[in-house]
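Asks: Once you've had a glance at the structure underneath, I'll fire off some questions.
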């Protein structure tokens, strides 16, 4: 959180955006750290987000990690 607050001092409102992101979820999910970490990773590494400069790199990394994602999905189901 401190890093997000420091970025705000540089004119980037990451802390406020992160807070808005977290508060947009159901309270049951919001209080589960594992769920929030997974959702944050999904949101951060989505090549469809606006202002992403290296979309192809993210897509390639997603393909490389798709096997891992399948394993995680099996564990969660």
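The values are calculated or read from the model by the stated rules, or taken from the named source; none is laboratory data. It should be emphasised that the depicted structure is a prediction, and the values quoted were computed from it without experimental measurement. Here the Cβ is made from the backbone with ideal geometry for all residues, glycine too, and neighbour counts use every protein chain on show.
Asks: Determine which single condition residue 16 fails, assuming it passes every other condition in (1) modelled with pLDDT of 75 or more; (2) surrounded by 10 or more Cβ atoms within 10 Å (Cβ to Cβ); (3) not in a helix (DSSP H, G or I).
Replies: (3) is the only condition that residue 16 fails.
Asks: Here is a follow-up. Show me the helices (runs of 4 or more DSSP H) entirely contained within the stretch 26-77 in which 3 or more residues are surrounded by 10 or more Cβ atoms within 10 Å (Cβ to Cβ) and in contact (Cβ under 8 Å) with a residue 12 or more places away in the chain.
Replies: Output list reads 33-44, 55-64.
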